[in-house]
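First comes the structure, then the notes that go with it.
What follows is calculated from the coordinates using simple rules that are stated; it is not laboratory data. The shown structure was predicted, so the numbers you read here are calculated from the model rather than taken from an experiment. Every residue, glycine among them, receives a Cβ derived from its backbone with ideal geometry; neighbour counts consider all protein chains shown.
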Amino acid sequence: MGKHNEFGKEGEKIAVDYLKKKGYQIYYKNYRCLKAEIDIIARKGDILAIVEVRSRSSDFIENIADTVTPKKIKLLVMAADHYVTETDLDVEVRFDIITILKNRKQFELEHLESAFYHF
């Protein structure tokens, strides 16, 4: 596995640990539907959070959250719809982004709730 893939998996683990500490139940990691993948599906109360995790070692060129493209959003919405339908959940769905920036040996995490809307 390439170093960037290892760093991505490490970022997802950090995000899962963070969400658990915030009281979320983790329903699924790396949920796949056709060409889409949802990094984390978590629930807190009546909210189902579809979480995209973005890990970077630098934010010099662009804001990390801005790397979630309209195409990626469309795929996330499609996969979330599939998951909710498949599991017959009656919940409000929210799309979040968790960014993880590695500065030397520290990680800075930012949780953007309702980062984008599906309509």
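Give me the mean projected area, in nm² to one decimal, of the convex hull enclosing the Cα positions of the range 3-116. Could you put the intermediate results ahead of the total?
Values: hull surface 28.6 nm².
Taking the Cα atoms of the range 3-116, their convex hull projects to 7.1 nm² on average.
I want to check the label-to-label distance for residue 81 and residue 18. Put each point 7 Å from Cα in the C-beta direction and report it in nm to one decimal.
2.9
Relative contact order for the range 8-119: what percent, with Cα pairs under 8 Å and sequence separation of 6 or more? Don't skip to the end; give the middle numbers.
Values: 184 pairs, mean separation 27.2, N = 112.
Answer for the range 8-119 is 24 percent.
Kindly provide the helix-only [θ] at 222 nm of the chain, computed as the sum of -39,500 (n - 2.57) over DSSP H runs of four or more divided by all residues, to the nearest 500 deg cm²/dmol?
Using -39500 (n - 2.57) per qualifying helix, the result is -10500 deg cm²/dmol.
Counting only DSSP beta bridges with both residues in the chain, tell me the antiparallel percent, nearest 5.
Approximately 65 percent, going by the DSSP bridge assignments.
Using a simple charge model, +1 on the beta-carbon of Lys and Arg, -1 on the beta-carbon of Asp and Glu, nothing else, what dipole does the range 3-116 show about its Cα centre, in debye to the nearest 20?
500
If each of residue 33 and residue 90 carries a label point 7 Å out from its Cα toward its Cβ, how far apart are those two points in nm?
According to this spin-label approximation, the distance is 2.0 nm.
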